[in-house]
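Before any comments, here is the structure.
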Amino acid sequence: MRILPVLCALLLLMLQVVTGLAPVRASAQDCERRGGFCSHRSCPPGIGRIGLCSEQEFCCRMRWYP
């Protein structure tokens, strides 16, 4: 019974990655293809983070993207 919480946590982590909820490491070209732009350190207010361009750059996009 002690392993059940560990299995649940592992399952949730796997679902998060599969569904795209976790930030995905990508290049600047991939970010632009998704309608975003790379921003150093953080995204501006009102802009959502959709991934990573590099270790220090985030891929940002408007929250209400068509």
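The values are calculated or read from the model by the stated rules, or taken from the named source; none is laboratory data. All figures in this text were calculated on a predicted structure; none of them were measured in a lab. Here the Cβ is made from the backbone with ideal geometry for all residues, glycine too, and neighbour counts use every protein chain on show.
Brief remarks on what is shown
- Of the residues in segment 51-64, at least one is at pLDDT below 85 and hydrophobic (A, V, I, L, M, F, W, C).
- Some residue of segment 12-35 being hydroxyl-bearing (Ser, Thr, Tyr), surrounded by fewer than 15 Cβ atoms within 10 Å (Cβ to Cβ) and modelled with pLDDT under 80: yes
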